[in-house]
Amino acid sequence: MSHSRVSLRIRRPWRLAAEATALIVAAVVAFPLYWMVLSAFKPEGEIQSTEPRPWTTAPSLDSFRRVFQQEDFGRYFLNSLFVAAVVVVASALIAFLAATAVARFRFRFRTTLLIMFLVAQMVPIEALTIPLFFLMRDLGESVPGIGLNTLGSLILPHIAFSLPFAIWMLRGFVKAVPEALEEAAYLDGASRSRFLWQILFPLVFPGLVATSVFSFISTWNDFLFAKSFIISATENSTLPMALLVFFKAEGNDWGGIMAASTVMTIPVLIFFVLVQRRLVSGLGGAVKD
């Protein structure tokens, strides 16, 4: 009994230190978000003040009014939502099928293919932007709706960049499902497609959610492709491009920038709230027999 009390006393300081460290890290991570939202509600005079304060006594919605009064802001929002939704659904389905093939079937160059997935993650996006620009330009001449100045030029690259990570992660989930379960399903008369969609798909769904979060965030926050591939068709621009309106030669509208950034963050928070339970089990790799 005394030994357990001593060990508890020894462990408690370490636990308190760990909890304090976690709180400090969380505060450091959350402070930029807090300052963004605070600046969005601050009046112009407080934003331009040389003595910034971490609070405001006169919250204002003027910055949000300027954001929503911008021409085509709603259209940019819908474009971003459409592109992100298509990328999330398409990359999840393709990655699920590819991960199943890699995990369940033995074929030539399978190991090489897995290594290529890892190598693809090491290539910076900036290095591929110019080749992708020419690819989208040439592709648009033969395939309508995919070339430059179209939403297809944003969807295809994001699907391509999301797939290596998604396939590599889902491969572990598929391998964790016992092969005996697959054999039992076949003995009960289930076809391969039925096992794939009615048995395997629900079991790896937490992993699909985890990879979908990665795809959604990278697509939603994209600025590089939107700036490079949407040149003249401004009606196909996405939400990050709307921020450029508030960067002016005579002075940046920081209130508008922070308000627009806050509006951009809301869909991401909603997406996290909707998938948080599945996300935790997906990141933990929890696949139950």
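If the cut-off is 14 Å between C-alpha atoms, which aspartates and glutamates fall inside it for residue 227, apart from same-chain ones fewer than 8 positions away?
Correct list for residue 227: 126, 235.
Would you mind getting the Kirkwood hydrodynamic radius of the chain from its Cα pairs, rounded to one decimal in Å?
22.6
Hey, could you get me the Stokes-Einstein D for the stretch 68-131, Kirkwood radius over alpha-carbon pairs, 20 °C and 1.002 mPa s, rounded to whole µm² s⁻¹?
D = 142 µm²/s.
May I ask for the distance between the Cα centers of the stretch 231-248 and the stretch 153-212, given as a whole number of Å?
Rounded to whole Å, the Cα centres lie 37 Å apart.
Quote the Stokes-Einstein diffusion coefficient, in whole µm² s⁻¹, for the stretch 174-233, based on the Kirkwood radius over alpha carbon pairs, a temperature of 25 °C and a viscosity of 0.890 mPa s.
170
Can you figure out the FRET efficiency of residue 111 with residue 18, using R₀ = 30 Å and their beta-carbon distance, to the nearest 0.05?
0.15
What chymotrypsin sites (Phe, Trp or Tyr not before Pro) does the stretch 128-185 have in DSSP loop regions with at most 12 other beta carbons within 10 Å?
For chymotrypsin sites (Phe, Trp or Tyr not before Pro) across the stretch 128-185 that sit outside H, G, I, E and B with at most 12 neighbouring Cβ atoms in 10 Å, the list is empty.
If you take the Cα atoms of the stretch 44-176, find Rg, then find the Kirkwood Rh from the mean of 1/r over all pairs, what is Rg/Rh?
1.17
Is the shape of the stretch 14-100 rounded, prolate or oblate, going by the alpha carbon gyration tensor and its root eigenvalues a ≥ b ≥ c, with a/c under 1.5 for rounded and a/b larger than b/c for prolate?
oblate
Roll a 1.4 Å probe over the protein chains and send me the accessible area per residue for the chain in Å².
Heavy-atom SASA per residue in the chain reads 60 Å².
Which percent of the accessible area of the stretch 107-249 is formed by carbon and sulfur heavy atoms (probe 1.4 angstrom)?
With neighbouring chains kept in place, the figure for the stretch 107-249 is 67 percent.
Using R₀ = 51 Å, calculate the FRET efficiency as 1/(1 + (r/R₀)^6) where r is the Cβ-Cβ separation of residue 62 and residue 128; round to 0.05.
Result of the calculation: an efficiency of 0.80.
What helices does the chain hold that run 20 Å or longer along their axis, going by alpha-carbon atoms, with a Kyte-Doolittle average of -0.5 or more, using DSSP H for the helix calls?
Span-like helices here: 2-41, 73-104, 125-142, 152-176, 201-220, 254-283.
Between 233, 260, 127, which gets the highest mean-square fluctuation from a Gaussian network model of the chain, Cα cutoff 10 Å?
With Cα springs under 10 Å in the chain, the top fluctuation among 233, 260, 127 is at 127.
Which residue, 98, 210, 17, tops the fluctuation ranking in a GNM of the chain built on C-alpha contacts under 10 Å?
Most flexible of the set in this elastic network: 17.
Per residue, what volume in Å³ does the convex hull of the Cα atoms of the stretch 165-289 enclose?
It comes to 143 Å³ per residue, whole-number rounded.
Tell me, what ³J(HN,Hα) does each residue in the stretch 229-246 have, in order and in whole Hz, if you take phi through Karplus 6.51 cos²θ - 1.76 cosθ + 1.60 with θ = phi - 60° and put x for Gly and Pro?
With coefficients 6.51, -1.76 and 1.60, one gets 9, 9, 9, 10, 7, 5, 5, 9, 6, 10, 4, x, 5, 5, 5, 5, 4, 8 Hz.
The values are calculated or read from the model by the stated rules, or taken from the named source; none is laboratory data. Keep in mind the model is a prediction, meaning the values are calculated, not measured. Virtual Cβ from ideal backbone geometry, glycine too; neighbours counted across all protein chains shown. Only protein heavy atoms, including side chains, enter the accessible area calculation; ligands, DNA and RNA are left aside. Shrake-Rupley method; radii C 1.70, N 1.55, O 1.52, S 1.80 Å.
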